[in-house]
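J.: Here's a structure for you.
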Amino acid sequence: MSVSTLDTPARSANTRLTAALPWLAITAMLVILPLLFSSNSMISTLNYLGTMAIFALSYNVLLGQTGLLSLGHGTFFGLGGFIATHAILHMAEAGLSFPLPLIPAIGGFGALILGVFGGWLASGRGGMPFAMITLGLAELVYAAAALFPSIYGSEEGIAIDRMELGASFGMDYGPTVDIYVIIAVWFLICAGILYYFSKTPLGLLTNAVRDNAERIEFLGFSARRVRMLAYAIAAAVAGVAGSLAALNFEIMTVNEMGAATCMLVLLMTYIGGTKHFFGPVLGAIVIGLMKIWLSDISPAWMMYFGLLFIFVVMVQPAGLAGILMDGIALARSGTAAAQAPMLALIGLAGLMTLIGTIILIELAYRAGLDAPLGPEITVLGLPLNTGSVLSWGLGAVLAGGGIAAMRPLLDRLDTLRHTLSQGETA
Amino acid sequence: MTNALELRDLKKSFGPVEIIRGVNLDLRAGERHALIGPNGAGKSTLFHLISGRIAPTSGQILFQGQNIAGKPPAEIVRAGLSRSFQITNIFPQMSVLDNLRCAVLWKLGHRYSIFRQTPTLPDVAIECERLLDQLGLTRRAHDTADSLTYPEQRALELGLAVASGANTLLLDEPMAGMNHSETEAALQLIMKVTEGKTLLMVEHDMGVIFEMADRISVLVYGQIIATGTPQEIRANRAVQEAYLGTTEEEAA
Ligand SMILES: Nc1ncnc2c1ncn2[C@@H]1O[C@H](COP(=O)(O)OP(=O)(O)OP(=O)(O)O)[C@@H](O)[C@H]1O
Ligand SMILES: [Mg+2]
């Protein structure tokens, strides 16, 4: 019996090729990036982004794939990091030689075991009870940290020397770029495993639990078991990410598994987009860069974070990846040229709103929190003054004008699209 | 003749209100049995009890001789009894094919496997292709379930129940809300996919019932007031008074 209509050999060979393309592109990117950005601080940034990308991918196993909102995923990032840290310290003390790149496997395995236990506690139900239990577990572990200073260190955390385990694979792990290699390879491994996982029977069942948890019980499965397994797998990969963070920074502190980390991974994943496999990676990159760069140049960076989050929730619930996909669909639709002028106007209005908002926010911060720094401030190259009506007026006019223009422009875009699609069918 | 399913003095109360008030019913292996009764009689509640969605207050549910009362739904399906729902209960964001894949995974022994990719499993592909063909959904295989038309969604709902491989099926108003021609098509479909299986089906359309049922049971106010062949039920005074009334002329 053939399986013709669903998966002909020709078709599957073809799909296999298109399925392999993103992976080839990503591998190429991972090779090229450190060559383009070779300064130490840039490599260090890349390391951070790679770690966060793995972390966000692991979180999406819960959020996007299984439809579970965990408020405590940072716990496994932190626990993985501490397990890795102690593994290195103990092996160094015992004089054992162990290849450093394999340390994250230990952190991941430890997190997997803890994840099975946590999942067993948390996964009786989805929705609100799940979210609350994960939050409770995270608080519990965080609070317990204070009781075990020998495990979690005190305020300063636990420091390691990543060179202590000696050289392996032709690297001595002193230079940041050696860690980059480790993170890049682990990124490919984790993303590959999670992608494969999403296609397995269990991966399919996680989607089923997301869509309609009750129904799978009537197909012979236990929704609880599926949630628990998804939780454990997500925990394991988060543990790998935490271990990589420990290698990168050579220190692990309890803050790494606090509420801020739990929130950060949620934001990255949601903003990047939960509906596409690589959405969380996009989110990790954008939010990670914002966190590193914006926090340097603006005291209001948390505010921009919040605004971006609200923007994504309102404009495209499928996240930045969804916006990207919309763009690709537009380019392919063949009507991009006809829509270009209108889209440019909308972009202009959006830019005006953005600049106006930035001016207002920066002025407000300078006038309030940072008043001691004086009234003069340069925003996007513009010399402004918190005492000048002109400065505030500029911000207000740009932001207000942009917002006011947006509605009619969007309406006209709708009309244009309507006529274009009419023309297509005619 | 052996019985696939036996209900013994089954009762269910919600708080102080008794909804199922001592139901006794035998479902013979291989028969098509219709369950009829006015709105709110407790037909769906009875299905929930049998399928494990809710636990009975008292009484026995013997499936192939084993008491399954109070067992979880998954265990009951694995034992060979599956059901469909009155209100469509599918996986809306997943493709039709993926919906069916979920339904066949257990019976084909793949369960919670993480070592193979579902699309590469030949037994799953063959089984799903057969089901899609039977249900008339081959063209829609890659569309999401929530994009299906209402009759298509009902077909998928039926498909999920059938796909699990159970030999006994409970179908709760599979053609509710369909027009005449859709109902006719759905009836043919049900006859086809349930061939050789034991069937207990809730239905309001008398035409459908008298056409397909070997036997009929009438549930009124939480109790079975009559069980018999269509002719017997048609002739039954109690049934006529309590339920059929005007509907009999419509059906005739
Ligand atoms: N969980 C519940 N709690 C309280 N009362 C319930 C519950 N479920 C059902 N009932 C009540 O039990 C009665 C029987 O409901 P059921 O859905 O079984 O009727 P039905 O025979 O399937 O009706 P229909 O033909 O309308 O589908 C109704 O009066 C309903 O309100
Ligand atoms: Mg009902």
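J.: Identify all residues within segment B:91-122 that are within 7 Å of chain A (Cβ to nearest Cβ), under 22 Å from the mean Cα position of the chain (by Cα) and part of a loop (DSSP other than H, G, I, E, B); write none if there are none.
T.: B:91, B:92, B:106
J.: If you don't mind, another one. Hey, any hits in segment B:14-25 for a residue that's in a loop (DSSP other than H, G, I, E, B), within 14 Å of chain A (Cβ to nearest Cβ), open to solvent by 30 Å² or more (accessible area, probe 1.4 Å) and within 13 Å of ligand 1 (Cβ to nearest atom)? It would help to see each step written out before you state the result.
T.: Within segment B:14-25, the subset in a loop (DSSP other than H, G, I, E, B) is B:15-16.
Applying the additional criterion that residues be within 14 Å of chain A (Cβ to nearest Cβ) yields none.
No; the residues of segment B:14-25 include none that is in a loop (DSSP other than H, G, I, E, B), within 14 Å of chain A (Cβ to nearest Cβ), open to solvent by 30 Å² or more (accessible area, probe 1.4 Å) and within 13 Å of ligand 1 (Cβ to nearest atom).
J.: If a residue has to be crowded, with 23+ Cβ neighbours inside 10 Å and either modelled with pLDDT under 95 or more than 8 Å from chain B (Cβ to nearest Cβ) (or both) to count, how many in segment A:185-201 make the cut?
T.: The initial filter retains those residues of segment A:185-201 that are crowded, with 23+ Cβ neighbours inside 10 Å, namely A:186-187, A:190, A:201.
From what's left, either modelled with pLDDT under 95 or more than 8 Å from chain B (Cβ to nearest Cβ) (or both): A:186-187, A:190.
Count: 3.
J.: Pull out all pairs, ordered by first then second residue, where Cβ-Cβ is under 9 Å, the residues are six or more apart or on different chains, the first lies in segment B:190-205 and is aromatic (Phe, Trp, Tyr), and the second is within 16 Å of ligand 1 (Cβ to nearest atom).
T.: Partner pairs satisfying both residue conditions: none exist.
J.: Let me ask something else. Hey, could you check segment A:202-225 for residues that are among the hydrophobic types (A, V, I, L, M, F, W, C) and either more than 7 Å from every other protein chain (Cβ to nearest Cβ) or touching a Ser or Thr at 6+ places or on another chain (Cβ under 6 Å) (or both) and say which is farthest from residue B:99 (Cα to Cα)?
T.: From segment A:202-225, those among the hydrophobic types (A, V, I, L, M, F, W, C) are A:202, A:204-205, A:208-209, A:213, A:216, A:218-219, A:221, A:223; that's our starting set.
Right, trim to either more than 7 Å from every other protein chain (Cβ to nearest Cβ) or touching a Ser or Thr at 6+ places or on another chain (Cβ under 6 Å) (or both) and you get A:204, A:209, A:213, A:219, A:223.
Numbers: A:204: 9, A:209: 12, A:213: 13, A:219: 11, A:223: 15 Å.
Top of the filtered list is A:223.
J.: Which condition number in (1) at pLDDT 95 or above; (2) open to solvent by 10 Å² or more (accessible area, probe 1.4 Å) is the one that residue A:96 fails?
T.: (1)
J.: Please specify each residue of segment B:30-44 satisfying the condition of being within 10 Å of ligand 1 (Cβ to nearest atom) and over 12 Å from residue B:170 (Cα atoms).
T.: Taking segment B:30-44 as the starting set, the residues that turn out to be within 10 Å of ligand 1 (Cβ to nearest atom) are B:35-44.
B:36, B:37, B:38, B:39, B:40, B:41, B:42, listed by residue number.
J.: Follow-up. Taking segment B:168-191, which residues are open to solvent by 20 Å² or more (accessible area, probe 1.4 Å) and within 16 Å of ligand 1 (Cβ to nearest atom)? Please lay out each step first, then the result.
T.: First pass over segment B:168-191, keeping only residues open to solvent by 20 Å² or more (accessible area, probe 1.4 Å): B:176-182, B:184-185, B:188-189, B:191.
B:176, B:177, B:178, listed by residue number.
J.: Of the residues that make up segment A:158-172, is at least one in contact with a Cys (Cβ under 9 Å, 6 or more places away or on another chain) and either of a type outside the set (S, T, N, Q) or surrounded by 14 or more Cβ atoms within 10 Å (Cβ to Cβ) (or both)? Don't jump to the end; show me each part of the working.
T.: Going through segment A:158-172, the residues in contact with a Cys (Cβ under 9 Å, 6 or more places away or on another chain) turn out to be none.
Taking every residue of segment A:158-172 in turn, none turns out to be in contact with a Cys (Cβ under 9 Å, 6 or more places away or on another chain) and either of a type outside the set (S, T, N, Q) or surrounded by 14 or more Cβ atoms within 10 Å (Cβ to Cβ) (or both).
J.: While we're looking at this one, here's another question. Any idea which of B:54, B:68 is touching a helix residue (DSSP H, G or I) at 6+ places or on another chain (Cβ under 6 Å) and away from ligand 1 (no atom under 13 Å from the Cβ)? First the steps, then the outcome.
T.: Working: B:54 fails: away from ligand 1 (no atom under 13 Å from the Cβ).
Only one candidate qualifies: B:68.
J.: Also, I was wondering about something else. Quickly run through segment B:41-90 and pick out the residues that are in a strand (DSSP E or B) and within 16 Å of ligand 2 (Cβ to nearest atom). Before you say what the answer is, go through the steps one by one.
T.: Narrowing segment B:41-90 to residues in a strand (DSSP E or B): B:58-63, B:66-67, B:81-83.
Passing the criteria: only B:83.
J.: Tell me, yes or no, whether segment A:64-76 has at least one residue that is within 30 Å of residue A:318 (Cα to Cα), touching a strand residue (DSSP E or B) at 6+ places or on another chain (Cβ under 9 Å) and assigned by TED's automatic domain parsing to the domain that holds residue A:277.
T.: Narrowing segment A:64-76 to residues within 30 Å of residue A:318 (Cα to Cα): A:64-76.
Cutting the leftovers down to touching a strand residue (DSSP E or B) at 6+ places or on another chain (Cβ under 9 Å) gives us none.
Looking through segment A:64-76, none of the residues is within 30 Å of residue A:318 (Cα to Cα), touching a strand residue (DSSP E or B) at 6+ places or on another chain (Cβ under 9 Å) and assigned by TED's automatic domain parsing to the domain that holds residue A:277.
The values are calculated or read from the model by the stated rules, or taken from the named source; none is laboratory data. Since the model is a prediction, treat every value here as computed from it, not as a measurement. Methodologically, a virtual Cβ is constructed for each residue, glycine included, from the backbone with ideal geometry; neighbour enumeration extends over all protein chains shown. For accessibility, only protein heavy atoms count, side chains too; no ligands or nucleic acids. Shrake-Rupley method; radii C 1.70, N 1.55, O 1.52, S 1.80 Å.
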